[in-house]
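This report concerns only the one structure given below.
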Amino acid sequence: MKLIYRDIGKDSSGQVTLVAEDGEDMWHTYNLLQPGDSLRASTLRKVQVESNTGSVGSNRVRTTLTIAIEAIDFDSQACMLHVKGRNIQENQYVKMGAYHTLDLEPNRKFVLAKKSWDSVHLDRINVACDPSQNADVAAVVMQEGLAHVCLVLASMTLVRAKIETQIPRKRKGSVQQHDKGVEKFFDSVVQAVIRHINFEVVKCVLLASPGFVKDQFYEYMFSQAVKTDNKTLIENKSKFLCVHSSTGFKHSLKEVLVDPAVSARLSDTKAASEIKALQDFYKTLQNEPDKACYGIKQIEKANESDAIDTLLITDGLLRSQDVQLRKKLVTIVDSVKDSGGVVRVFSSMHISGEQLGQLTGVAAILRFPIPDMSDSESSDDD
Amino acid sequence: MSRHRTIRNAKSYEYDDEDDPFGQSYEEQYGVSPGTMAHYTYSRSRGNVQFSSYMPSEDPLDENVDEEDEAYISNSVHAHDDSLSKYDDLGQCIESIRDVVGDNYPDDIVKQAAVKFKCDVERSIDYLLNSNFSKNNSFDTGISSPEPPKEHLGQGAATTFSIPMPQRADRQRRRNANSKIENVKTTKPVTIIKTSGNIQERTFEKVESSPRQNVKTGFITPQNTLTIKSTNNKSSPKLNHKNTTQPSTSRASFNENTSKGTLGVETSQQSKKVLLTPTRKKNNESAPNTPGKASKNTVNFQEEYVKRQKDNKQQLSMVVIGHVDAGKSTMMGHLLFQKGMVSKRLIHKYEQESKKIGKASFAYAWVLDETGEERSRGVTMDIAHNRFETDNHIITLMDAPGHRDFIPNMITGASQADVAILVIGASTGEFEAGFGVGGQTREHALLIRSLGVGQLAVAVNKLDTVDWDKKRFDDIVMKLKQFLKQAGFKDSDVTYVPVSGLQGENLVSVAKQPSLTVWYKGPSLLQVVDKFLPPQRPVDFAFRFCVSDVFRGQGSGISLSGKIESGGISPNTKVMVMPAGEKGLIKSIESNQEMEKLEFGLAGEHVTLVLNGVDIMKISIGSVVCSIDNPIRAVTRLQARIVVFNTEVPITRGFPVEMHYKAVSEPAIIRRLLSQLHKSTGEVIAKKPKFILKGQNALVEVETTRGVCLEEYSILKELGRFTLRYGGSTIAACVVTKLLS
C-alpha cells in the first residue's frame, strides 16, 4: 500500500489518499472502511444517453465518483472490495444521491475521508504501508485423501484449493485400489500446486502432513515434474520444506507455522507471531487461570484496573458496524497502549484469528491475577 | 473410410478366438500383444488354465483348502488306482469317441466315459450308446451348466473337505475342473454315474412342467442328491459340523426344491437331517429372502440373533493396540500363520523378500502390512482386517497402527472393536518408552476404554529378548495393573500373557519354552481370546451400518464395507445413506473376508454391502447406511458430556478440535461450555465455566462444519461415543447427550 497524501486535522477528521497494490492491501482497506465514511475513486458506470433523435443508448464511462459508504463487501477468494453507497458529488453522468458500487481496483488511488480517525485506523495504515512485512509463504497441509493448498500472507491466509478424494482403504488382497487412489489424489494436489502457487512471489512452500504422506508426496511430485519436464517445479525444488502436522485440516496450519524448522527459515511472520500470542494466552489460562480472561465484559473490568498486559483482539470485532461498540474497543486499545501494554490485532483471515473470533474475539493476559471473574458471564452468547 | 469398410466387411469369426469382447475388461482391448494376452489373461477357450492362477494374492485360507484337497486327492489316488499315467491317452481317446458318436454327447459325459473305461474307446462308446442319454437330455444339461456332473464328482470325492458355501463351491469347482479325472477315480465311479443318470431323467421330467424352474433344478439337484448321498453313505460328522459353522448356505432354497421333487426315501431322510441341524432349519426360514424371491418377507433379526447365539460361534471384533514397534503386526501375523490362515509358501516368500530389503524380522508383519509404503517403512499405517476362528468365536481381527500419527486410523479400528489385545514390548527400555509420556501405550489404552472396550488381554511381547525373565514380566504387569485400573478396566477383565511374537511362543498353543514354563502355567494368547465374552448387540434397534471403506467391487453397484452397529439387514431392502440422504437398494451382503454372499447381516458383524442406485461421490467414509423408515439424523451441533484427558492446554469455547467417531475425523469447534460436572456423581459444579482443565468432566456443545451421524448415548451407545483430538493428541472422550439441530 502506498500513502500518497494525508490530511488529518486536530479534531481527527480528515482524509487520506492511498493506492492499494495487491489483495492484501484490499484487506487492509476493508478494515479501514466504515459505513458513513466517504470514498472517492475512479470507477466505471453504465450511463444512458439520449441522442437528439430520441433513441436511447447506453455506454460505460470511466468517471470519478465520491460516495457515502453504506455497505462494504470483501470477496476473500478474489480479494476484491465492493463498496456500496450514495453519490455525494454530482457530475455530468451521475446524479446526487444515486446509488453506486465502487469496485476498488488495484494500483489506482482512492481518497478516504472520515469524520474521526482513531488510533486503530492509523496503525492499520502504518502497518499496511510497511513494505518489510511482505513474506509470502505457501503451504500444503495434507493427510491421506485431504489436502489444503494455502497461501499465507502477512495478514491473511487464503485457502486456494481444497482437495478431497476418496481413497479406498487397504483391504486384504487388493492393495492396488488403495495405491491407485493415492496416486490420483497426489496428482490432483500437484495440479493444484502448479496452478495456485506463484513461485515468483512465494519464498517457501511448506508440505505438512502426519506420517509419511508429505514425503511420499514430495517424491511423487518431483518424479512427476521430471517426467513432464516441469521446469518451474524443478527449479524451485529448494523452496519446498517438509514439516510435520497432526492432521490435514486447515487449523493444523497453526502447528506448521510455529514449527522451529519453519520459523528458522522464515522471518517472523505475522501469522506465526499471532499463533504464539494465542498459545501464550492458553498457557497462562492453564497455569494461572486468574491471570487470563476473555469476553468483552471481563476485559473491560480488567482494563478498569489497568491490569491488561497483552490484549488480543480480532479485526473482525474492530470492523463492527456498531459505532458504540467500536468506540468502546478503541478506548480499551488506547488505554492498554497508554499503560504500556501490548495490543495484538489478529487478522480474522488467519487461523488463530478465527479461533480468537470464536473465543468472543477478545482476550487478555493480565499483569496480576484478578480473581472472581468467572461469575460474571461472558456476555455475548450466541 | 476405407479402414471402416474393412472392419464392416470383416467376418465376425475372424475376431472370435482371442478378442472376445465378453469376459474381458474394457482396457484390455487396447494394444495388448497376443503374447501378453496369452500369458496374463484368462480365456475360457484354453481349458487347462485355472482361473485362480490369475489371482496372485488368493485368499490364504483357500490356498490351504487347496493344499488339503490336493493332499487328499493324491492320497486317495494311491489308495485306489495307480494307472494315472494314461493321461495323454485321454485326449486321443475322447477324440476317437467323438468321431463315432458325434456331438450328441456333452464333453463331460464323453470324458467320464473315457475315464471310466480307462481310455478303452470301444467300451466307452458302447457305454455311451447304451446309456439313456438322449440328445434332449444332454442339451438340457448343457444349458443349465456344463458343470453339474463335474461339480458332482468333485464334491463326491471331497466329502470330507467340502465346505458347502456357494462361493467356495464355485471356486472349487473351477479348480477341480482340472483334477476332475483323479476325482472320478477316487470315489466309487459307478454310483456316481448312476446318480448323474438319475438327474438327467429328473430334469427331463421337469422340462414339461415348468421350463424356467427346470434350469435351476437342473443345476442344483446334483449338488443336493450328492449331499444326501454323502451324508447317507458316510454320515460324515465333519460335514455337518462345517455346515453349522457356515450358516450362510443358499442350499436351503434348494432343499425346498428337493422336498418338492419326487425323490422318495432319500428326500425324507434329507428333511429329517434338516430338522436335526438347526442351521439348516434357519436357512429354510430365511430362504424367502434370497434375491429373486419375495423380498417383502422380512427376517426376524432378533430371533435370528438369539438362535445364532445359541447355535454358532459368536462374532467378536478384536483390535490389537500398543506402542509403535511393540510387535503388534508380527505377533498377529505369526498367530494367523500358526492358525493356518496363511500358507507356508507365502510366509516363505515374505521371508525372502523382507530379507532382501534388510528387514528380515518383518516377514510375519507383512501378512497384515500389505501396501508398499508399509512394507518399505516397516510401519503399519492403516487398520488391517483379518478373520479367524477360535473354539467359541469367529474373530474379526483389526491390526491397528501404533505410530502416533496414525491414531485416527487406530480409532477407526478401536471404535469397531468389542475386545482388545494390548501389546507391550518387554525388551529393555522399550516398555518404559511406550509407557512414558510420549508413548502410545497409555493413549491407546485410554482410547479403547473410552470407546467402550472393557475386556483386554495384555500380551507382554518380546520376552525372549530378556530370556523370559519373570522379574521383568512381573514388573511390567504391576505397573500396568495400576494404570489400567485408573483407566477404568476391571482387574478381572484384564489378562496378562507372556508371549514372543517373532518366535511364536505361547500364541496359539500353550508355551513350550522351558525357561517360560518354569514360572508360567497360564493360558496361551489364543485361549485368552477364546474366553472373551461377546457383548449383547442391539439387534432390536433400527438398522445402522457405519461405512469404513467405499470402493468399486466387481459387478455393478458400489461396495461399502464396515460394521453393522445395530439391527439387521437382508438383501433387496431399501436403505438410506446419511448424511447425503441418498436412497439405494441393497443388492447383496458379503462377508468381509470370504466374499461369500450372506442372506442377512446382524449387528456386530463386519460385512460389505453392495448398494445400487447411489452416487459414489455422495458417500464417504463415515456415512451411515440406515433403515429407510427410521433414518439416523445428521446434525452439525450436538451436546456432549466430555471427560478431558491429560492435555496441556485448557479447553475454552471456540477451541478447534478434530472429532473422531467411527471411521471419520471431522474438524469441529467447541461452541459452548455449558457446565462443569462432578467426576463421579455427575452433578453440576459450575455453570458456564471459563475453561475446562485436564481431568475435569463437563457438558459442552460441539459444532461441526458438516453433518455428522451420531445417536444419543442413552438410545444407542454404539453410536453415541466420540473422541476429541487436538494437535496430535487425544484430549477428551465424549458421549452424546443430545442432538441439536
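None of the figures in this text is laboratory data; all of them are computed from the coordinates on show. Predicted model only: the values in this text are computed from it and were never measured. Here the Cβ is made from the backbone with ideal geometry for all residues, glycine too, and neighbour counts use every protein chain on show.
As an exercise, identify the trypsin sites (Lys or Arg not before Pro) in segment B:479-550 lying in DSSP coil whose Cβ has no more than 12 other Cβ atoms within 10 Å.
Of the trypsin sites (Lys or Arg not before Pro), the ones in loops of segment B:479-550 whose Cβ has at most 12 other Cβ atoms within 10 Å are B:LYS490, B:LYS512, B:LYS521.
If you take the square roots of the eigenvalues of the alpha-carbon gyration tensor of segment B:312-531 and sort them as a ≥ b ≥ c, do you get rounded (a/c under 1.5), prolate (a/b over b/c) or oblate?
Rounded, because the longest to shortest axis ratio a/c is under 1.5.
About the Cα centre, and with charges only on the beta carbon of Lys, Arg (+1) and Asp, Glu (-1), how big is the dipole of segment A:66-162? Nearest 20 debye, please.
Taking the Cα centre of segment A:66-162 as origin, the dipole is about 300 debye.
Using the beta-carbon distance between B:SER556 and A:THR101 and R0 = 41 Å, what value does 1/(1 + (r/R0)^6) give for FRET efficiency, to the nearest 0.05?
The pair B:SER556/A:THR101 has a calculated efficiency of 0.20.
Could you tell me which trypsin sites (Lys or Arg not before Pro) in segment A:36-137 are loop residues by DSSP with no more than 12 other beta carbons within 10 angstrom of their beta carbon?
Sites meeting the loop and neighbour criteria: A:LYS95, A:ARG108, A:LYS115.
For segment B:603-640 and segment B:436-510, what is the separation of their Cα centres, given in Å?
Centre-to-centre distance over Cα atoms comes out at 35 Å.
Is segment B:544-627 rounded, prolate or oblate when judged by the Cα gyration tensor, a ≥ b ≥ c being the square roots of its eigenvalues, rounded requiring a/c under 1.5 and prolate requiring a/b larger than b/c?
Judged from the Cα gyration tensor, segment B:544-627 comes out rounded (a/c under 1.5).
Count the lysine pairs in segment B:652-707 whose Cα atoms lie under 20 Å apart, taking only pairs 8 or more positions apart in sequence or on different chains.
Taking the Cα cut-off of 20 Å, the pair count is 4.
Take every Cα pair under 8 Å in chain A that's 6+ residues apart, average their separations, divide by the length, and report that relative contact order as a whole percent.
Relative contact order here is 13 percent.
If one computes the Cα centroid of segment A:5-57 and of segment B:327-380, what distance in Å separates the two points?
Taking the Cα centre of each part, segment A:5-57 and segment B:327-380 sit 70 Å apart.
Please state the shape class of chain A: rounded when a/c is under 1.5, otherwise prolate if a/b exceeds b/c and oblate if not, all from the C-alpha gyration tensor.
Since a/c reaches 1.5 but b/c is at least a/b, the shape of chain A is classed as oblate.
Too long at a 27 Å Cα-Cα cut-off: which of A:LYS214/B:LYS717; B:LYS328/B:LYS481; B:LYS307/B:LYS717; B:LYS310/B:LYS512; A:LYS95/A:LYS115; A:LYS214/B:LYS344?
A:LYS214/B:LYS717; B:LYS310/B:LYS512; A:LYS214/B:LYS344
Rounded to the nearest 20 Debye, what is the dipole magnitude of segment A:121-194 about its Cα centre when Lys and Arg each give +1 and Asp and Glu each give -1 at the C-beta?
Here the size comes out at about 560 debye.
How high is the relative contact order of segment B:312-531, in percent, counting Cα pairs under 8 Å that sit 6 or more residues apart?
Taking the mean separation of contacting Cα pairs over the length of segment B:312-531, I get 24 percent.
Summing -39500 (n - 2.57) over the DSSP H runs of n ≥ 4 in chain A and dividing by its residue number, what mean residue ellipticity at 222 nm do you reach, to the nearest 500 deg cm²/dmol?
Rounded to the nearest 500, it is -10500 deg cm²/dmol.
Out of A:THR17, A:THR284, A:THR53, any idea which swings most in a Gaussian network model of chain A, alpha carbons joined below 10 Å?
Most flexible of the set in this elastic network: A:THR53.
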